[in-house]
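Engineer: Here it is, the structure in full.
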Amino acid sequence: MKIFIKTYGCQMNERDSEALGALFSAQGDELVSDEKSADVLLFNTCSVRDAAERKAKGKIGFMRKLKKEKPHLIIGVLGCMAQRLGDELLAELPHLDFVLGTGQIHKAPEVVAQLRAERSRLALTEPFPEEVEMLGAHGESSWSGQIAITRGCNRFCSYCIVPYVRGREVSRSQESILLEAQSMVDNGVREILLLGQNVAAYGLNGDIRPPADDHSPFAELLEKLNEIPGLLRIRYTSPYVSYFNKRLIDALSSCSKVCHNIHLPLQSGSNTILKAMNRQYTAESYLEKVAQLRAAMPDLTFSTDVIVGFPGETEEDFLRTRALMNEVGFEQAFIFKYSPRPGAKSAELEDSIPEEVKLERNNILLDDLKARISAKLETLKGSVVEVLVEGVSNRNAARWTGRTGTNFVVHFEPDENCTPGTLRKVEVSRSGGVSLFGRLLPEDK
Ligand code: SAH
Ligand code: SF4
Ligand code: F3S
């Protein structure tokens, strides 16, 4: 069979899709990137904002024509939107064959076989069974790979649908993560990205209270991963600010493979809004944590997520967010316009900020960000940076790209020893606005 998988949403979904594809490949099926040639179309969906759902529904709706031409085609919707809407989706989209929620994705090969044998329709949305190890299969190895170390989320930020569609937070055992990491490295992976909605809460048994200063199972995991020979870099996303205690900050600064870049979601710089969002920190405590982290690792870079237009966000609240973002000096940021999610707590509040105000605030933060990034890149001119070589540049086949541990992209002309997944030094010659250009230095002997 030819299987087409399209993924929406976050890296957790990308990882689930990778594992799902590997399950199909393992039974001899072929993964294809063209929906027209496929026998099975799978859409792994996201519910985080209304736009994410509309995008997936639009695409899936469009597949009706293909199904008319190819009646044997099987179409399945998986993941977060599948979990949220369940059999409502079957009613809404008559050409859909099945729906598998976030806890049932691993059943896709079985369900497809069943539906090929006898045509029917089904929707499964039971939570992830405890006895099943989280989808651990990997696709074809490259120099980078991802490991989901937790599933679900217990934090219930008031705007967020994730705890409802991904279920309770569960951490995998350290042993199974280390085995997975070792086997990835054996297959050539050099950089591992650890994934979870709240990664730094790894191993805390779903307790949302940040642990004592000397306790961090996440720090222990990083230290163990740091010892794997052949692994060059460790990244992680997303941590919640309150879990960066002394134990974790010490581990981050002592583990040489852990990259000096943190994606640290802020959401808002106004304490009133943070409280209404059920975020358990203040603008002041966030800034203090950033200062502690910077004191331990001066070259640390930060990225963040911010929501504009949360119900009741005044101009003053917004200006606090703007000021705090400039104060931290985020090197990257993802700005989202608030979108009420039915079922999440904040959906009970009036979506009071007009769309044009959300858009205006969004654009102001994006303009600030652009200016900050280009100023920051200018400061790197003339410096020598270490990059992990990624491969040929997407934009110019004569150039290759690499990425610094601090997450800046650098373009350079390759030499004959250039290989993806190796560390090389580059002397930065100029900034291209969003990325850097430089001269590859000869390999260290
Ligand atoms: N677990 C991650 C976030 C996952 S969702 C974390 O807490 O770090 C990714 C981002 O989407 C969030 O950080 C938030 O900025 C944004 N988001 C979530 N729900 C949203 C909503 N209802 N409207 C707009 N943006 C939202
Ligand atoms: Fe959503 Fe908050 Fe959990 Fe992140 S921590 S997934 S924003 S509820
Ligand atoms: Fe979207 Fe689900 Fe991720 S809602 S952001 S795909 S956890």
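The values are calculated or read from the model by the stated rules, or taken from the named source; none is laboratory data. What you are looking at is a predicted structure, and each value in this text was computed from that prediction instead of being measured. Cβ atoms come from the backbone with ideal geometry, glycine included; neighbour counts cover every protein chain shown. Please note that ligands, DNA and RNA were not included when accessible areas were found on the heavy atoms of the full protein model with its side chains. Shrake-Rupley method; radii C 1.70, N 1.55, O 1.52, S 1.80 Å.
Engineer: In region 60-83, what residues are closer than 24 Å to Gly343 by Cα, assigned to a helix (DSSP H, G or I) and away from ligand 1 (no atom under 16 Å from the Cβ)?
Structural biologist: Hits for region 60-83 are Ile60, Ala82.
Engineer: Quick check on Ala148: is it among the small types (Gly, Ala, Ser) and over 15 Å from Leu20 (Cβ atoms)?
Structural biologist: no
Engineer: Could you identify the single residue in Leu232, Leu319 that is in the same structural domain as Arg190 (by TED's automatic domain parsing) and either within 13 Å of ligand 1 (Cβ to nearest atom) or not hydroxyl-bearing (Ser, Thr, Tyr) (or both)?
Structural biologist: When all the criteria are applied, what remains is Leu232.
Engineer: Please find, within region 126-183, the residue that is farthest from ligand 3 (Cβ to nearest atom) out of those that are among the acidic types (Asp, Glu) and more than 24 Å from Pro109 (Cα to Cα).
Structural biologist: Taking the candidates together, the pick is Glu175.
Engineer: Same structure, new question: What are the residue pairs meeting all of these: first residue in region 357-379, first residue basic (Lys, Arg), second residue open to solvent by less than 50 Å² (accessible area, probe 1.4 Å) and assigned to a helix (DSSP H, G or I), Cβ atoms under 9 Å, and 6 or more apart or on different chains?
Structural biologist: Close Cβ pairs satisfying both conditions: Arg361/Phe318; Arg361/Thr321; Arg372/Met325.
Engineer: Need at least 3 residues that are closer than 23 Å to Leu248 by Cβ and of a type outside the set (Phe, Trp, Tyr) per element, so show me which strands (runs of 3 or more DSSP E) inside region 84-202 make the cut, counting only ones lying wholly within it.
Structural biologist: Qualifying strands (runs of 3 or more DSSP E): 144-148, 191-195.
Engineer: Could you please find all residues in region 342-361 being within 11 Å of ligand 1 (Cβ to nearest atom), more than 19 Å from Lys275 (Cβ to Cβ) and in a helix (DSSP H, G or I)?
Structural biologist: Lys358 - this is the single residue of region 342-361 that is within 11 Å of ligand 1 (Cβ to nearest atom), more than 19 Å from Lys275 (Cβ to Cβ) and in a helix (DSSP H, G or I).
Engineer: Does Val170 satisfy being within 30 Å of Asp351 (Cβ to Cβ), open to solvent by 10 Å² or more (accessible area, probe 1.4 Å) and outside the structural domain of Met81 (by TED's automatic domain parsing)?
Structural biologist: When the stated conditions are applied, Val170 does not pass them.
Engineer: Separate question: Just checking, which of Ala38, Ala82 is over 26 Å from the mean Cα position of the chain (by Cα) and either modelled with pLDDT of 95 or more or within 15 Å of ligand 3 (Cβ to nearest atom) (or both)?
Structural biologist: Ala38
Engineer: Report, by residue number, each residue of region 190-205 that is without any contact (Cβ under 8 Å) to a residue 60 or more places away in the chain and either loosely packed, with under 15 Cβ neighbours inside 10 Å or of a type in the set (A, V, I, L, M, F, W, C) (or both).
Structural biologist: Ile192, Leu194, Val199, Ala200, Ala201, Leu204, Asn205
Engineer: Working carefully through the options Leu225, Leu179, find the one that is aliphatic (A, V, I, L, M), open to solvent by 20 Å² or more (accessible area, probe 1.4 Å), away from ligand 1 (no atom under 16 Å from the Cβ) and not assigned by TED's automatic domain parsing to the domain that holds Leu349.
Structural biologist: Every option except Leu179 fails the conditions.
Engineer: Further question on the same structure: Can you tell me which residues in region 266-287 are surrounded by fewer than 18 Cβ atoms within 10 Å (Cβ to Cβ) and within 23 Å of Cys10 (Cβ to Cβ)?
Structural biologist: Of everything in region 266-287, those that are surrounded by fewer than 18 Cβ atoms within 10 Å (Cβ to Cβ) and within 23 Å of Cys10 (Cβ to Cβ) turn out to be Asn278, Gln280.
Engineer: Please find, among Phe244, Phe310, the residue that is touching a residue at least 12 places away in the same chain (Cβ under 8 Å) and either touching a Lys or Arg at 6+ places or on another chain (Cβ under 6 Å) or among the acidic types (Asp, Glu) (or both).
Structural biologist: Selected residue: Phe244, the only one of Phe244, Phe310 that is touching a residue at least 12 places away in the same chain (Cβ under 8 Å) and either touching a Lys or Arg at 6+ places or on another chain (Cβ under 6 Å) or among the acidic types (Asp, Glu) (or both).
Engineer: Does Arg155 satisfy being within 16 Å of ligand 2 (Cβ to nearest atom) and basic (Lys, Arg)?
Structural biologist: When the stated conditions are applied, Arg155 passes them.
Engineer: Which count do you get for residues in region 25-56 that are touching a residue at least 40 places away in the same chain (Cβ under 8 Å), among the polar types (S, T, N, Q) and either open to solvent by less than 60 Å² (accessible area, probe 1.4 Å) or under 18 Å from Pro340 (Cα atoms) (or both)?
Structural biologist: Number satisfying all stated conditions: 3.
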